[in-house]
Amino acid sequence: MNHPAFASNHVAVVTGAASGIGLAAARRFAGLGMNVVLADLPGERLDKAARETAAVSPHGPDSVIAIATDVSSTDSLEALQAGAIARFSRVHVLMNNAGIQPGSAIFGAQDAWEKVFAVNLWGVINGSRIFAPAMIAHGQPGLIINTGSKQGITTPPGDPAYNVAKAGVKAFTEALQHDLRTTPDCNITAHLLIPGFVHTGLTANGRTEKPEAAWTAQETVDFMMQSLESSDFYILCPDNDVARATDEKRILWAAGDIIENRPPLSRWHPDYADAFKAFLAKDRPGIS
Ligand SMILES: NC(=O)c1ccc[n+]([C@@H]2O[C@H](COP(=O)([O-])OP(=O)(O)OC[C@H]3O[C@@H](n4cnc5c(N)ncnc54)[C@H](O)[C@@H]3O)[C@@H](O)[C@H]2O)c1
C-alpha cells in the first residue's frame, strides 16, 4: 500500500534527480507507473539518469522527462514548474532534494555560505512556494517532500553553513505543513526527509564501495515510502551505524542544552563528555 499521491499516471517532480537519493526516488516513482520529471543541473549525468528511470517505467520513455534546472534560481524553478505542467498537466509529488556540501567555516569564504544557502535552503523554499499553489488547486492528493538533515537538528561542529541551511529547511517545512493543514480543502501534505548516512555522490569522496555504516539511496527511499504510507511528517532514517534510539537521544540532548542551560553543542564539549555518555547509556532518558 502506497500513499494515494503515488498512484499510476500521477506526476512526480524530483530535484537533484541525477544522482543519489533523488535518482533512487525518481526510479521508485517511475516503477509505480508515475510520470516523472527529473530536475538537476544540465549535462549527460541528468540525461543518463532519465534514461535509467525510463527503463524501469511500465509506461515507457514517454512518461519520464529531464528538465535541466538550477534550483538556486527562481527563474529556473519557475521554468521547471511550467515544463512539468506543459508536459503532464499537474504535479502530485514534489521532492525538493537537490543539495551540496562543499564545506564551510564560521569565518571562511562568503561564497561557500551563499552557495549552500542558495541551493540547500532557497532551492527548497522557492521550490515549495512555486509548486504548491497549483498542487493545492487541483484538489488531488499530493506530497511535498523536503530533504533536510540530522545536521540541521543536532548541528554538529564542522560545517556551519550546511547546518544552518538544513535547520532552515526543517523550520520552513514545519511551517509549510502547518499552513497546508490549516488551508481549507487542501489535499497536500509536507514532509521532512531526514536521511542518515547514505552512500551517494555527496558523501562518496571518490570512494566507489559503500562504507559499512552507510545505507544505500534505495534503502533510504524504501524507508521514506514506508514512512509516507503512515503519513509521518518527520522521516527520521537510521543507517547501519545509528539506530533510531540513538538519534532520539542525540536530539533530546541537543534540546536539553537549552532546558538544562548547558553551553551550545555540549555534546562535543569535553566538560560534558561523561554526562553525554551516561545519557546515551540510559534506557529511555527524559530531558531532565
Ligand atoms: N548522503 C547523505 O548521507 C545525506 C545525509 C543527509 C542529507 N542528505 C541530503 O540529501 C539530498 C540528496 O543528496 P545525495 O546524498 O543524494 O547527494 P548527491 O550528490 O548524490 O545528489 C545531489 C544532487 O543534487 C544536484 N544539485 C546540486 N546543486 C544543484 C542545483 N543548483 N540545482 C539542481 N540540482 C543540483 C547534484 O547535481 C546531484 O545530482 C541533499 O539535500 C543532501 O543534503 C544526504
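The values are calculated or read from the model by the stated rules, or taken from the named source; none is laboratory data. Since this is a predicted model, take the numbers as computed values, not measurements. Cβ placement follows ideal geometry from the backbone for every residue including glycine, while neighbour counts extend to all protein chains displayed. With ligands, DNA and RNA removed, areas are computed over all heavy atoms of the protein, side chains included. Shrake-Rupley method; radii C 1.70, N 1.55, O 1.52, S 1.80 Å.
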ask   = Which residues, taken from region 1-59, are under 17 Å from the mean Cα position of the chain (by Cα) and at positive phi?
value = G16, G20
query = Which members of region 197-225 meet the condition of being touching a Cys at 6+ places or on another chain (Cβ under 9 Å), β-branched (V, I, T) and open to solvent by 60 Å² or more (accessible area, probe 1.4 Å)?
reply = none
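Tell me whether region 38-50 contains one or more residues that are away from the ligand (no atom under 13 Å from the Cβ) and outside any strand (DSSP E or B). If you could, list the steps in order and put the result at the bottom.
Just the residues of region 38-50 that are away from the ligand (no atom under 13 Å from the Cβ), to begin with: none.
Checking region 38-50: not a single residue is away from the ligand (no atom under 13 Å from the Cβ) and outside any strand (DSSP E or B).
Quick grid of which residues meet (1) of a type in the set (D, E, K, R); (2) under 16 Å from P156 (Cα atoms):
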| position | (1), (2) |
| --- | --- |
| A213 | no, no |
| Q226 | no, no |
| P238 | no, no |
| W253 | no, yes |
| E260 | yes, no |
| A278 | no, no |
| K282 | yes, no |
request  = Name, by its number, the condition in (1) under 27 Å from A255 (Cβ atoms); (2) within 12 Å of the ligand (Cβ to nearest atom); (3) surrounded by fewer than 21 Cβ atoms within 10 Å (Cβ to Cβ) that does not hold for V124.
outcome  = (3)
remark   = Of the residues in region 85-121, those that are part of a helix (DSSP H, G or I) and within 16 Å of the ligand (Cβ to nearest atom) come to D111, A112, W113, E114, K115, V116, F117, A118, V119, N120, L121
ask   = Can you name the number of the only condition in (1) within 15 Å of the ligand (Cβ to nearest atom); (2) crowded, with 23+ Cβ neighbours inside 10 Å; (3) of a type in the set (A, V, I, L, M) that A79 fails?
value = (2)
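May I ask you to list the residues in region 262-276 that are among the acidic types (D, E) and either within 19 Å of T155 (Cβ to Cβ) or at pLDDT below 95 (or both)? Step through it out loud before you land on a result.
Here is the first cut: in region 262-276, the residues among the acidic types (D, E) are 271, 274.
Passing the criteria: only D271.
The rows are residues; the columns are (1) open to solvent by 10 Å² or more (accessible area, probe 1.4 Å); (2) at pLDDT 95 or above; (3) within 21 Å of L193 (Cβ to Cβ).
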position: A30; (1), (2), (3): no, yes, yes
position: E44; (1), (2), (3): yes, yes, no
position: V64; (1), (2), (3): yes, yes, no
position: Q101; (1), (2), (3): yes, yes, yes
position: F107; (1), (2), (3): yes, yes, no
position: Q110; (1), (2), (3): yes, yes, no
position: G139; (1), (2), (3): yes, yes, no
position: L143; (1), (2), (3): no, yes, yes
